[in-house]
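Input: a single structure, listed below in structure tokens.
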Amino acid sequence: MLVKTDVSEVLTPSTIKLAIGAALGTLAFIPSALADTQNTADSSSDVISVYASRIDAQKANGAAAVSTVSLEEIEKRQGTSVADLIRHLPNVTIAGGGRDESQAIVIRGLSSDNGRVVQLIDGVRQNFSLGHRSSLFIDPELLKTVDVVRGPASTVWGSGAIGGIVAQNTKSAQDFLDADQDIGGYLKQGFHSNDNASRTSGAVFGRTDKIDWLVQSYYHDADDNQLGNGKALSYSASREKGGLAKVTYTPSLVHQWTFSARQGDRDAMSPSNPSVQDPSSNYPLVYRQTQDQSLAVAYQYTPMNDWVDLSSRVYWNDTQMQEYRVVTDEHDDNQMQTLGLSLTNRAQFNDIEFIAGFDGYLDHYQTQRDDKSAPGERPEGQDAKARSIGVFGQLEIPLAEAWQWTAGLRFDDYKNEDTRATSTIEDASDSQWSPSTALTWNVTEQLALTASYQEAFRAPSLEEMYASGTHFVVPMGPSKLINRFVPNPNLKPEQSANKELALTYQFAPMAYLDSGYIDARVFRNDVEDFIEMNVDFMGATTTRQNVSNAKLEGVELSFHHEYGQFKNDLSYSQMEGKDKADGRYLEQIPAHKLVAETDYRLATLPVNLGARVSHYADQDENPDQKTYDGYTLWDLYASYSPNGAWDGVKFDLAIENLTDEYYTTAWSQVASPGRDIKLNVRYQF
């Protein structure tokens, strides 16, 4: 058996004291006059939640392209992963194919698979990354909303946000309880026809005048996915279980503490690279067990003062992925632990809004590789640490009656080190500035034009810098060609510079339209020093290098319309990616996409009906001159909440891929699932 990493190596007394001390130390900077405001606050008020989030600041800034998936949409889509909830958004696609084990989120051509998209859960960074394996671990059942920022956002989020942000926000008791309820619970059972899945979940929750608490759990069991051609996708079955516990304590109007603990376990059998079709000698069959857990303490200070709206958080993540190679009886272990602290404050000075913050986190990455079947022919185990510290500020300033200027700046300093006892590799450190600016012209009360510029960066990962040992072995008659990793601690960070023009138009109520908007965007993102894997077959080496500069440009159009009981959405997105040196097309660029969706709420019955059609064009702009065929997907949704004796019961029905289309998303080797009929029954008391 492999020995699990000692948590104490990350959670040392010194680091814990530093994190907690920094969080509590921020109170020393709050003027004593504000403390007087606390003393006069009405402590008997209802539980409140004033969250000075950076996502909220970005939503208010027209320069940022931000989409939100609501709780209603999450329940309607009944997704098996976060990827299912956001795949319809403009220039957002899901890479990896039909197995959840391989899925990665790609935003504007940049993937979470290699850390170019930052994932957050309740504001906590999720830094685990391992080649070809998914890092989407949270179950949608725990989520209240998902916010997606399309485009660079390092000014407020730091390293990794060169493609965008996926912010996942979990539920609280207040998301379930009616105004006259103090305690409740629910039981939910779901069935999916495609993979014969059973999805069970439940929760109990309650609140007093000061405390809001929730305990939630889930258990899912699914067989292999069925494709549109009638065949099963082998080794796509999985089993998941986990839960969330959250307590929010609000002693007064100005103070709020939130304590949360999250646990998720997933078991699955698949090729070692789950994005390939079948197991092989290069990608043997593995039994993969993933354990993901997190602890967080958040504090919010919101006095009756324009200068302070403070949000702070101390957190610890531990993700361990164990793989058992069935044929060779070998065990591998991969583990990432993160200890972090974040602070954000929003202040208002007359018409000027200022948001500032601090981020700091420590990553500890360890791997163990079992090579008993072929000694010396596996990658070597790793033991590496990363430290990152960043501070930022962003101003929103009205320049005139019709003009608004936003300017931000962030400074990050990071250090990576190979901590193996036998290592002779020097530590690597660097720093980075990330400026941003945007100018908005409010042409009329309804029409606004915004021009923006944002710089972002991604620091090299520990695996990219320090991977060593054997990459692959090629039999050559009586001998073997052994290709070995060569560490490269001199990697430079990837850097991007995004230029974007946005037009937003808010419709005034008129005939056949109660409300609506148009959002149109044109962007160009120049990314320098792309880190790529350079395989030298003749030299028998593999090295990560800064080898290319890329140009990513595209268009995004969105239209929203509401009239009476109808809601309608229409979006179109397209983009192109090329290497600036030789003009070759880049991989992972999404196909042109058109999505239309309508939702109708019956006036006489508690019934919602919805439909969505998504058309993906052919994708033939790739370096291999291969064409990925386009396809069209039809989805239907319905929900019913009966009253009377059935009060508290809700039925959700979804039929996805109604026509049982057989299709493969661009850049994937494995086809995606065919028709899936999903039914959820929930009873809330």
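Couple of notes before you dig in:
- The slack in the chain from Lys59 to Ala508, taken as 0.36 nm per residue of separation less the alpha-carbon distance, amounts to 159.6 nm.
- Sequence of Ser668, Ser641 from largest to smallest accessible area, 1.4 Å probe: Ser641, Ser668
- Placing +1 on each Lys and Arg Cβ and -1 on each Asp and Glu Cβ, with no other charges, gives the chain a dipole about its Cα centre of roughly 400 debye.
- Solvent-accessible area per residue for the chain (1.4 angstrom probe, square angstrom): 43 Å²
- Candidates Thr93, Gln625, Gly340 compared by Cα position along the dipole of the chain: farthest toward the positive end lies Gly340, with charges placed on Cβ.
- The candidates Leu594, Leu501, arranged from most to least accessible area with a 1.4 Å probe in the full protein assembly, appear as Leu501, Leu594.
- Dipole of the chain [Lys/Arg +1, Asp/Glu -1 at C-beta], most positive-end residue of Phe354, Leu214, Asn483: Asn483
- Accessible surface of region 255-408 [probe 1.4 Å, protein heavy atoms]: carbon and sulfur percent: 56 percent
- With DNA, RNA and ligands ignored, accessible area of Asp224 (1.4 Å probe; Å², nearest 10): 50 Å²
- Calculated on the alpha-carbon coordinates, the convex hull of region 386-439 measures out at 52 cubic angstrom per residue.
- Heavy-atom accessible surface of Lys626, to the nearest 10 Å², is about 110 Å², with a 1.4 Å probe and all protein chains retained.
- Karplus 3J(HN,Hα) series, Hz, for region 134-139 with 6.51 cos²θ - 1.76 cosθ + 1.60 (x for Gly, Pro): 6, 10, 8, 9, 6, 8
- Taking each of Lys492/Lys593; Lys567/Lys593; Lys241/Lys678; Lys59/Lys650; Lys246/Lys385; Lys551/Lys593 in turn, the alpha-carbon distance tops 23 angstrom for Lys492/Lys593; Lys59/Lys650; Lys246/Lys385.
- Against the rule of thumb 2.2 N^0.38 Å, how large the Cα Rg of region 209-339 comes out: 1.52
- Heavy atoms of Ser429 accessible to a 1.4 Å probe, total area in Å² rounded to 10: 90 Å²
- Electrostatic dipole magnitude of region 76-123 [Cβ: Lys, Arg +1; Asp, Glu -1; Cα centre; debye, to 20]: 220 debye
- Of the solvent-accessible surface of region 105-206, computed with a 1.4 Å probe over protein heavy atoms with every protein chain present, carbon and sulfur atoms account for 49 percent.
- Placing unit charges on the Cβ atoms of the charged side chains and taking the dipole of the chain about its Cα centre, the candidate lying farthest along the positive direction among Gly674, Val204, Asn416 is Asn416.
- Once the Cβ-Cβ distance of Lys580 and Asn490 is raised to the sixth power relative to R0 = 25 Å, the FRET efficiency obtained is 0.70.
- Nearby lysines by direct alpha-carbon distance to Lys480 (threshold 19 angstrom, same-chain neighbours under 8 apart not counted): Lys372
- Karplus-derived 3J(HN,Hα), 6.51/-1.76/1.60, for each residue of region 462-473, Hz, glycine and proline x: 5, 5, 5, 6, 10, 4, 8, x, 7, 8, 7, 10
- Region 131-274: C-alpha gyration tensor shape, a/c 1.5 cut-off, then a/b vs b/c: oblate
- Here region 589-635 has 54 percent of its accessible surface on carbon and sulfur atoms, given a 1.4 Å probe and all protein chains in place.
- Between region 82-158 and region 304-337, the C-alpha centres lie 15 angstrom from each other.
- Per-residue extension of 0.36 nm, minus the Cα-Cα distance of Ala421 and Ser193, leaves a gain of 76.9 nm for this segment.
The values are calculated or read from the model by the stated rules, or taken from the named source; none is laboratory data. Owing to the predicted nature of the structure, the values given are computational and were not obtained by experimental measurement. Quick reminder, even Gly has a Cβ in these numbers, built from the backbone with ideal geometry, and neighbours come from all protein chains shown. Remember, those area values only see protein heavy atoms, side chains included, never the ligands or the DNA or RNA. Shrake-Rupley method; radii C 1.70, N 1.55, O 1.52, S 1.80 Å.
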